[in-house]
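Undergrad: To start, I am sharing the structure in question, which I have written as structure tokens.
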Amino acid sequence: MNYESTRGQSAIVSAAEAIKKGIAPDGGLFVPTEKIFINLAEIQDLCSLSYLERAAYILKYFLTDFTKEELTECVERAYGGGNFSSPEIAPVKKLTDNSTVLELWHGPTCAFKDMALQILPHFLVRSLKKTGETAEIVILVATSGDTGKAALEGFADVPGTKIMVFFPEKGVSAVQKLQMVTQVGNNVQVVGVQGNFDDAQSGVKQVFSDLGFSALLADHNFQLSSANSINWGRLVPQIVYYFSAYADLVKGGSIKNGEPINFVVPTGNFGNILAGYYAKSMGLPINRLICASNTNNVLTDFIKTGTYSRNREFYKTNSPSMDILISSNLERLLSELTDRQSDKISQWMAELKNTGTYTIDADLLKLVQGHFWSEYATDEETLATIRKVWFDLNYLMDTHTAVAMHVLEKYRNATGDNSYTVVVSTASPFKFNGSVAKAILDEQTVSEKSEFELLKELSSYTNWPIPEGLRNLDHLKVLHQKVIGKDEIGKAVKEILLG
Ligand SMILES: *Cc1c(COP(=O)(O)O)cnc(C)c1O
């Protein structure tokens, strides 16, 4: 299996090369050159395997330049050894007769980013060896909060790498910020940016596309790479849990093998739900992928109308990891659904960059709508959903998961489709405890308490333990205090690396 750029102007590369580079030299994203099919008998076989075995099984189709032993080793280092707080890694929990929650937050940072970022460093270290790379790899990360910490956890002290994380200084929760600025490791840098996530992401992308800068870095034996979901190595481990959830439901008797089900996914950069699309395109029986947005509903409008427009107000919501107006991975979907019409993709992406908007053709929109459906939830609807699910179903959701739950209700009301549906849960309720506490505790208990006091309140009220990664955060030493303007990311990278 090889990889080509969505923009068609870069050489075709191996998986190792795609993972090492992160983004294609022409500014496009790497996508697989061939289609993969997995039949129902294979899905049946997955039922009796562990998560680790399922992961090795799916990954081998995409990372063909890795040996079976290498993949098994990567999988074991990422998901084995008690690294995840659930032995099932990504357990499904029944909600109602026709819905279940897929919990993707049992990794060290309590959000779904760990599913990919615990394994990416292991892919990368092996990719460097395979491609004969001698330069030190510099991982640049733009984060809306969760990717940053997950990438830092994954890459801290990994030999041959440095990692720099840029986060919107005022756009992340207190817990998220402390998770990042207290990160230890001799190869880590964490920098606040005076701007929003899109500013940070655009700044980082600009550094990647500056060929002169890359040449300068190469002279100093550095090579840039990405841990954002633009990196194929981030996306491919996410395909696994769609298959794994389906296998668990078949195994548990909730569905029959072959029965089409829906997944509703809280969506920001379109990475998670795109992995679901790849699973569907490989033959996993998925009816609809329901794209759940918050008030930054750029994807909802796109899926309804075919016009993508980031020319709109940016809102800070109570599901901050989805506060995004430029969803990078949509480019991959458009490339897949147009059978790699790279001229068109390049044109739309240029329009997006220059004018902030583009419109796809009517027949392409039909294709998009055949696979996806979308709606959004406001902050109030999100809190009301957390409350309702807690009191009616005795399940505690974080804000992002609640966005998905609310959108599922809208979907069912709008379409009458009551097929079995998996609600993809992307964060522990303790990670966004401020909002979660507000939703289920009385005002007196919540008022004037810090996020850290609220962690304890939530824990004693629900009898759920505070996850290890969030305990004692407020007592750790702050190690990173640098804050820069939104146009200074390139300058900061240069200063950090070259002095
Ligand atoms: C990153 C994140 C999302 C959005 O996922 P994408 O792959 O960017 O669409 C949703 N919820 C949480 C908690 C996240 O950390």
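Undergrad: Quick check on region 398-413. Is at least one of its residues charged (D, E, K, R) and within 15 Å of the ligand (Cβ to nearest atom)?
TA: Yes, region 398-413 has at least one match.
Undergrad: Still on this structure, please answer the following. Which of the numbered conditions does I324 fail, given that it passes all the others? Conditions: (1) of a type outside the set (G, A, S); (2) within 19 Å of T267 (Cβ to Cβ); (3) free of Cβ contacts under 8 Å to residues at least 60 places away in the same chain.
TA: (3)
Undergrad: Right, something else. Are any residues in region 153-173 under 24 Å from S435 (Cβ atoms) and in contact with a Leu (Cβ under 9 Å, 6 or more places away or on another chain), and if so, which ones?
TA: E153, V165
Undergrad: Residues to consider are N296, N228; find the one that is of a type outside the set (V, I, T) and closer than 24 Å to L367 by Cα.
TA: When all the criteria are applied, what remains is N296.
Undergrad: Tally up the residues in region 332-347 that are part of a helix (DSSP H, G or I) and open to solvent by 10 Å² or more (accessible area, probe 1.4 Å), please.
TA: 7
Undergrad: Looking at E381, E448, which one is out of contact with any Ser or Thr (no Cβ under 9 Å at 6 or more places or on another chain) and either on the phi < 0 side of the Ramachandran plot or within 16 Å of the ligand (Cβ to nearest atom) (or both)?
TA: So the residue among E381, E448 that is out of contact with any Ser or Thr (no Cβ under 9 Å at 6 or more places or on another chain) and either on the phi < 0 side of the Ramachandran plot or within 16 Å of the ligand (Cβ to nearest atom) (or both) is E381.
Undergrad: Only one of (1) farther than 20 Å from S321 by Cα; (2) under 20 Å from the mean Cα position of the chain (by Cα); (3) among the aromatic types (F, W, Y) is not met by Y420, so which one is it?
TA: (2)
Undergrad: Out of L152, L120, I need the residue that is free of Cβ contacts under 8 Å to residues at least 40 places away in the same chain, of a type in the set (A, V, I, L, M, F, W, C) and within 16 Å of the ligand (Cβ to nearest atom). Which one?
TA: The conditions single out L152.
Undergrad: For region 244-267, check the following and say yes or no: at least one residue is on the phi > 0 side of the Ramachandran plot and either aliphatic (A, V, I, L, M) or away from the ligand (no atom under 16 Å from the Cβ) (or both).
TA: yes
Undergrad: Determine if region 130-141 includes at least one residue that is over 25 Å from P25 (Cβ atoms) and touching a Lys or Arg at 6+ places or on another chain (Cβ under 8 Å).
TA: No: region 130-141 contains no residue that is over 25 Å from P25 (Cβ atoms) and touching a Lys or Arg at 6+ places or on another chain (Cβ under 8 Å).
Undergrad: For region 163-176, which residues satisfy the criterion of being open to solvent by 10 Å² or more (accessible area, probe 1.4 Å) and either more than 14 Å from the ligand (Cβ to nearest atom) or aliphatic (A, V, I, L, M) (or both)?
TA: Listed by number, the residues that qualify are E169, K170, V172, A174.
Undergrad: Applying the selection to region 4-42, what residues are part of a helix (DSSP H, G or I), within 25 Å of L117 (Cα to Cα) and touching a Gly at 6+ places or on another chain (Cβ under 6 Å)?
TA: I19 - this is the single residue of region 4-42 that is part of a helix (DSSP H, G or I), within 25 Å of L117 (Cα to Cα) and touching a Gly at 6+ places or on another chain (Cβ under 6 Å).
Undergrad: Looking at region 122-162, which of its residues are crowded, with 24+ Cβ neighbours inside 10 Å and on the phi > 0 side of the Ramachandran plot?
TA: Residue satisfying the conditions is G145 alone.
Undergrad: Tell me which residues, restricted to region 281-308, are closer than 19 Å to I239 by Cα and within 16 Å of the ligand (Cβ to nearest atom).
TA: Listed by number, the residues that qualify are L289, I290, C291, A292.
Undergrad: While we're looking at this one, here's another question. Return the pairs, sorted by first residue and then second, in which the second residue is assigned to a loop (DSSP other than H, G, I, E, B) and charged (D, E, K, R), the first residue lies in region 9-25 and is under 21 Å from H122 (Cα atoms), the beta carbons are less than 9 Å apart, and the residues are 6+ apart or on different chains.
TA: Final answer for the pair search is S14/D65; A15/D65; A16/D65; E17/D65; K20/E133; A24/R7.
So that you can scan it fast, the table gives a plain yes or no per residue for (1) open to solvent by 50 Å² or more (accessible area, probe 1.4 Å); (2) farther than 24 Å from T143 by Cβ; (3) of a type outside the set (A, V, I, L, M, F, W, C):
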| site | (1), (2), (3) |
| --- | --- |
| A18 | no, no, no |
| G28 | no, no, yes |
| E42 | no, yes, yes |
| C47 | no, yes, no |
| A56 | no, yes, no |
| F66 | no, yes, no |
| C74 | no, no, no |
| A111 | no, no, no |
| A116 | no, no, no |
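Undergrad: While we're here: Tell me, please, whether a residue that is out of contact with any Lys or Arg (no Cβ under 7 Å at 6 or more places or on another chain), modelled with pLDDT of 95 or more and farther than 25 Å from S342 by Cα can be found in region 2-23.
TA: There is no residue in region 2-23 that is out of contact with any Lys or Arg (no Cβ under 7 Å at 6 or more places or on another chain), modelled with pLDDT of 95 or more and farther than 25 Å from S342 by Cα.
Undergrad: Do the conditions hold for E70, that is, is it surrounded by fewer than 15 Cβ atoms within 10 Å (Cβ to Cβ) and of a type in the set (D, E, K, R)?
TA: no
Undergrad: Checking I38 against (1) of a type in the set (A, V, I, L, M); (2) more than 27 Å from V141 (Cβ to Cβ); (3) surrounded by fewer than 15 Cβ atoms within 10 Å (Cβ to Cβ), only one condition comes out false. Which one?
TA: (3)
Undergrad: Being assigned to a helix (DSSP H, G or I) and closer than 30 Å to P285 by Cβ is the filter here; which residues of region 356-380 pass it?
TA: Answer for region 356-380, where residues must be assigned to a helix (DSSP H, G or I) and closer than 30 Å to P285 by Cβ: A362, D363, L364, L365, K366, L367, V368, Q369, G370, H371.
Undergrad: Same structure, new question: If I go through region 86-108 residue by residue, how many of them are within 16 Å of the ligand (Cβ to nearest atom) and either open to solvent by 40 Å² or more (accessible area, probe 1.4 Å) or in a strand (DSSP E or B) (or both)?
TA: 3
Undergrad: Exactly one of these conditions fails for V422: (1) open to solvent by less than 60 Å² (accessible area, probe 1.4 Å); (2) β-branched (V, I, T); (3) away from the ligand (no atom under 16 Å from the Cβ). Give me its number.
TA: Going through (1) open to solvent by less than 60 Å² (accessible area, probe 1.4 Å); (2) β-branched (V, I, T); (3) away from the ligand (no atom under 16 Å from the Cβ) one by one, V422 breaks only (3).
Undergrad: Next question. Taking into account only those residues within region 269-280 that are touching a strand residue (DSSP E or B) at 6+ places or on another chain (Cβ under 6 Å) and within 16 Å of L102 (Cα to Cα), which is nearest to the ligand (Cβ to nearest atom)?
TA: N272
Undergrad: Another question about this same structure. Determine whether region 382-393 contains at least one residue that is within 18 Å of C291 (Cβ to Cβ) and part of a helix (DSSP H, G or I).
TA: Within region 382-393, one or more residues are within 18 Å of C291 (Cβ to Cβ) and part of a helix (DSSP H, G or I).
The values are calculated or read from the model by the stated rules, or taken from the named source; none is laboratory data. Owing to the predicted nature of the structure, the values given are computational and were not obtained by experimental measurement. Heads up, the Cβs are rebuilt from the backbone with ideal geometry, glycines too, and the neighbour counts pull from every protein chain shown. Remember, those area values only see protein heavy atoms, side chains included, never the ligands or the DNA or RNA. Shrake-Rupley method; radii C 1.70, N 1.55, O 1.52, S 1.80 Å.
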